[in-house]
Each structure stands twice: as C-alpha cells, then as structure tokens.
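This report concerns only the one structure given below.
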Amino acid sequence: MKKESALKIIWKIIYPLLIFVGVEIVIEVIVSGIVSAYGVSKGLASADDPEELSHWITDTVSQYMIFISMARCVILIPLMFFLFKKDIANDKANGVYTEYTDYSKKWLLVLPLLAFALAMAFNHLVPLLAEGVQNLLNKIGFAWFGRHWNIDFIASYNSKSSSVYSNNLWIQLVSAGILAPVAEELIHRGIIYERLKKYISITGAMVISTAFFAAMHGNFIQIVYTFIIGLVFAYVYERFKCLWAPVILHCGANISAILVTYFVGDKGIAVGLGSFALIVVAELTIVFLLLLLITKNVKRMPTDIKNN
C-alpha cells in the first residue's frame, strides 16, 4: 500500500470532526436567521439594537438546541455511515481488511446492564471529582493570586444539561438516547478509531479517539465523564469487532441517565455520605465484573481469509 504523508494522515483523522462541527454551525446559522427575521417582523426584537437582537436570538435558539441536535444527527448518520462503509471497501480493495471469527450474540445482552451501571457509577462519581477540582482551583487562585477565580464546573454542566432534560421525555429519548449515540459512534469509533489503528497502537488509538469524543461535549464534567466511558465504548468495540456493541452501550448509558433523571429527578435520592460511597463502589464493582465477563467470553480472532 502506498505510504501516506503525515499531513494526509492528520487530515483523514480530522475532517470527520470538521464535518460534524460544520453541519451544526450551518444548521444554527439557518435557524438563527429564521429566528432573527421572525423576531424583527413581529416586533419581538429591534434590528436597530444589534446587542439586544443578538441576546434575543441566543436565548431563543437555545430553547431549540435539542431539535438542532436532532437535525444534525439526521444529516450526519447517513453521511458517516457512507464514510464508514467506504473505509471498509477501501481496505478490501487494498487487501488489508481482516475477517474475524464469529462470536455468540448473547453477549450483546450484557451491554444494557453494563450501560446502566456505567451511567450510574460515573454520573455519581464525576460531579464529586469536579467539585473537588473546582474547590482546589479556587483555593489556589485565592492563595497564590489573592483573588477568587469563581470556577464553577457544576453550574456550567447544569446549564447545558437543562437544555436536554427540560424537553419532552420522548424527544430526549430520540435525540440524546438514540440519534446522538449512533452518530457519535459512527464518527469516533467506526471512523476515527479505525483509521487511527492503522498508524498507531490500539491503546493510543483508543485514547486519542476518545479524547476527541470527550472534547466535543464542551464542559468539564461532561468531558471527564465522556472520556472515561468513551474508553469503555472503545474497549467493548475492540472486543466485539462490531459497531453495534458500542452503539448499544452508548444508547443504553444515555437512556439510563435520561430515565433516572426523569423519574427520580436531577437531585437524586438523599442518602448519607457512607451510603453514597457504598452505592458508587457497588456500581463500579458491577462495571468491573461485567467487563471481566465480556473480556473472558468475547474474543474475536483474525481468520486466514483476506478480502481483496
């Protein structure tokens, strides 16, 4: 196979992310234009006051972010699926596509339980870690620089999550529970991770593709949370060698978080610190045991068949 330049390799890794961001920007620009025209025509905002108009557009568009996300996914899913299948076709044409031994599909049934344990464990743990980090940074700011930095990761996370959880349950389930995970798994595991594996180690490909995945989520708590569970998604994908596996896991984790927030509330159930610690330990133990179960029972090996 012809050797590729470093710039070409970097471009192959980056351009799916640029498409992801670009589609959202285009949709937001179109929606903002429509909202602006509507607001001015109805006298809800003045075109003579650009600052007032800008604030009104921002506030209005923010109410429809979940629908913008849905529209983005509807566009991205077929586009990324095309790129995913094209990569497979190219590998076959170049004689580097590897067939793997089959596996028992019953192990896919473990993934929803793993998804629930993952979502609960790290939704409980990561905000605590974030609060500890923000308190430490604020103390450093005051001790070293003589002023409070007023870093508040929790407020930033709550602001973003409220734009999702404030919508109708079915809209949440379709957008954040199904469409977003499918689009993100196609991009980050199906395309970026698979492309990275051709040039660096599996571990390096997992870390870099997951770092991109985490960075797309925009605030500290979600970045930490998605980086941790993104590594699990990549590991499960590598064990199953099947994109359905991380898609099921990702959908299950998001749906679990949505349903628990809807039925229990974003404040959760009040328990003592000791009980909370035991719950988190139990959840992490379940995650570990289920991953161990998958590791021992799902191992697809390359066959001798190469597709040309």
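The values are calculated or read from the model by the stated rules, or taken from the named source; none is laboratory data. Remember, it's a predicted structure, so these values are computed and weren't measured experimentally. Note: ideal-geometry Cβ built from the backbone for every residue, glycine included; neighbour counts use all protein chains shown. Keep in mind that these areas ignore ligands, DNA and RNA; they rest on the heavy atoms of the full protein, side chains included. Shrake-Rupley method; radii C 1.70, N 1.55, O 1.52, S 1.80 Å.
Where does each of 193-200, 4-11 land if you order them by average Cβ count within 10 Å, highest first?
Averaged packing, sorted descending, gives the order 193-200, 4-11.
Apply the membrane-span-like helix rule to the chain: whole DSSP H runs, Cα extent along the own long axis of at least 27 Å, mean Kyte-Doolittle hydropathy at least 1.0. List the helices found.
Those that clear 27 Å and a mean of 1.0 are 6-41, 65-93, 110-145, 220-240, 244-264, 273-297.
Rounded to the nearest 500, what is the chain's calculated 222 nm mean residue ellipticity when only DSSP H runs of at least 4 contribute -39500 (n - 2.57) each, over all residues?
Value at 222 nm, helices only: -25000 deg cm²/dmol.
Kindly sort 280, 29 by accessible area of their heavy atoms, largest first, with the probe set to 1.4 Å.
29, 280
Give me the extension gain from residue 96 to residue 139: residue separation times 0.36 nm, minus the current Cα-Cα distance, reported in nm with one decimal.
Details: separation 43, 0.36 × 43 = 15.48 nm, distance 5.38 nm.
Full extension of this stretch gives 10.1 nm more.
Can you give the FRET efficiency for residue 58 and residue 207, using 1/(1 + (r/R0)^6), R0 = 30 Å, r = Cβ-Cβ distance, to the nearest 0.05?
After rounding to 0.05, the efficiency reads 0.30.
Roll a 1.4 angstrom probe over the protein heavy atoms and tell me the percent of accessible area of segment 193-244 that is carbon or sulfur.
73
Over the chain, with the other protein chains present, what is the accessible area per residue in square angstrom, probe 1.4 angstrom?
Result: 55 Å² of accessible area for each residue.
Could you state the orientation-averaged shadow area of the convex hull built on the Cα atoms of the chain, in nm² to one decimal?
21.1
Given a 1.4 Å probe and heavy atoms of the protein chains only, how would you sort 217, 124, largest accessible area at the top?
Of 217, 124, the descending order of accessible area is 124, 217.
Tell me the carbon and sulfur percent of the accessible area for segment 56-151, rounded to whole percent, probe radius 1.4 Å. Don't skip to the answer; put the middle values down first.
Numbers: 3670 of 5590 Å².
Whole-percent figure for carbon plus sulfur exposure: 66.
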